[in-house]
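Structure record follows, encoded as structure tokens.
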Amino acid sequence: MKKMAFAVAAALASIGFSANALAQEKTVSIAAFGVKSGVLRLFGLNSEAAVNAAVEEVNKAGGVKLADGTKAKMVVHPYLDDRCNAEEGIAVVRRIVGTDALVAIGPTCSNVAEPLYGILQKRVDDPKDTGLQFPILTDVAIKVGLAQISEWSFRNVPNENTMYSSLYYWLKATRPELKTVYGGVEEDFAHSRASWHVVMKERASANGYTVLGESKWLLNDTNFSTQVREIKKANPDILSIAAHPFTTCGLLKEMQRQGVKPKLIVGLTSTSSQETMQGCPKQAEGMIIPSSFAPVSKEAKFASEQTAKKKGAADLHSMAAWENVFILKEVMEQAKLSGNKDPASIQADRRKIRDGLAALKTTKGLLGTNKRTADREADKPYVFVHAKSGSWQVLHNPL
């Protein structure tokens, strides 16, 4: 009898262990996508590295707690390349919707995000709206005001209007000898174009600067001789460049060649990246940019280090991707997901995540608390960084 009782107990223990092992094998899937080709490819590669590093940390800590009390491993689908093309971005998301992914992080480019948000359901529970009912939490695409397009779209990006207004205000107080501003802009790219015409230009004027005009070029341009001659003729105190690292470096090198030296250069948020420091560190020396990331806290340094292990660089965009993973973990646990893989359960869990994201008032960020707005945008802490000795260093904390 004792031997039989021992055998039964052992069998039950074995069954219990197997059941527990099966419970631990549950997964919740997310997707991520953006640009991994062309002149902006490093933005996508950095976000991919940050997402993978953050998911690894979530799983090291036990994963995601489900409604039944079990834990599920967070799984991220292979990062998809939308080539910064609107049609391909829409096709990528339609592909993701056909999987078990509950939410997607992306895209990189604003000219993808804007039409992509347009194919999502505009208003939740509108029976006449057949748009996709799938939540997207954007890490990079930063053109002002896009999340209002759909109640299924959310962004964790800084507000450029706030940041550049603060920057020009600070410059007015600390550098009163600077009176005029001239712009340089990637005219064919949604983010760059909006950042100059809607943000930088307007904020500079509102802070009392005389705006002398602008020079334009395209995202893939390599010759800037004409634009630099125009800048030289305008002779501004401040040159505000609304362009990404590739063309920013091209312009700065041509300025060096022609001997054009404004008293101050202001750059685009996205240009406060390692790519700029790799491409033109000497020419960018002294450039000032507002940024929602700098490795100034223990958490920020850790995120940067873990992303580097995945062969990515930390900047305001990739670190937003890192933050997004932890935002989603919190939302998933509060929403009490089923974690089941049948189509009805997957769609129900997607809706729970959407509602959870919409309910957020704040999220934990690497520079402090990120506030959430009613139109599903973020209000993030920021600093002013400048290019110094081959790296981006904090110049001023305005908050």
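Anisotropy class assigned to the chain is prolate, per the alpha carbon gyration tensor with a/c at or over the 1.5 cut-off and a/b larger than b/c. Highest mobility in the GNM of the chain, judged by mean-square fluctuation with C-alpha springs under 10 Å and restricted to A284, A348, A32, is found for A348. Subtracting the Cα-Cα distance of S297 and N235 from their residue separation scaled by 0.36 nm leaves 18.4 nm.
Taking the number of Cβ atoms within 10 Å of each Cβ as an exposure proxy, the fewest-first ranking of H317, H191, H77 is H77, H191, H317.
With neighbours defined as other Cβ atoms within 10 Å of a residue's Cβ, the residues K253, K201 order from fewest to most as K253, K201. With the simple spin-label model, which puts each label point 7 Å out from Cα in the Cβ direction, the E25 to R175 separation comes to 6.1 nm. In order along the range 258-265, the phi-based Karplus estimate (6.51 cos²θ - 1.76 cosθ + 1.60, θ = phi - 60°) of 3J(HN,Hα) comes to 8, x, 8, 9, x, 5, 8, 10 Hz; Gly and Pro are listed as x.
For the options P262, P135, P176, a Gaussian network treatment of the chain with springs between C-alpha atoms closer than 10 Å singles out P176 as fluctuating the most. For D125 and V75, what is the calculated FRET efficiency with R₀ set at 30 Å and r taken between the beta-carbons, to the nearest 0.05? That gives a FRET efficiency of 0.55.
Of all beta bridges that DSSP places with both ends in the chain, some 35 percent have antiparallel geometry.
Remark: K329, K298 ranked as K298, K329, counting other beta-carbon atoms within 10 Å and listing the fewest first.
Under the classification rounded if a/c is under 1.5, otherwise prolate if a/b is larger than b/c and oblate if not, where does the range 146-279 fall, given a ≥ b ≥ c as square roots of the Cα gyration tensor eigenvalues? The shape class here is oblate.
Residue-wise HN-Hα couplings along the range 174-189, as the Karplus relation 6.51 cos²θ - 1.76 cosθ + 1.60 with θ = phi - 60° gives them from phi, are 9, 10, x, 6, 7, 10, 10, 10, 10, x, x, 9, 6, 6, 9, 10 Hz; Gly and Pro carry x. Relative contact order of the range 160-291: 26 percent, from C-alpha pairs under 8 Å at least 6 residues apart in sequence. Taking every pair of alpha-carbon atoms in the range 292-399, give the share separated by more than 23 Å as a whole percent. Result: 40 percent of Cα pairs exceed 23 Å.
Of K282, K380, K60, the residue with the greatest mean-square motion in the GNM of the chain, using alpha carbon springs below 10 Å, is K60. When +1 charges are put on Lys and Arg Cβ atoms and -1 charges on Asp and Glu Cβ atoms, the dipole computed for the chain relative to its Cα centre reaches about 800 debye.
Taking the helices alone, the chain has a mean residue ellipticity at 222 nm of -13500 deg cm²/dmol, built from -39,500 (n - 2.57) per DSSP H run of at least 4 residues and averaged over all its residues.
Just so you know, all these numbers are worked out from the coordinates, no wet-lab data involved. What you are looking at is a predicted structure, and each value in this text was computed from that prediction instead of being measured. Counting neighbours? That spans all protein chains shown, and the Cβs are built from the backbone with ideal geometry, glycine included.
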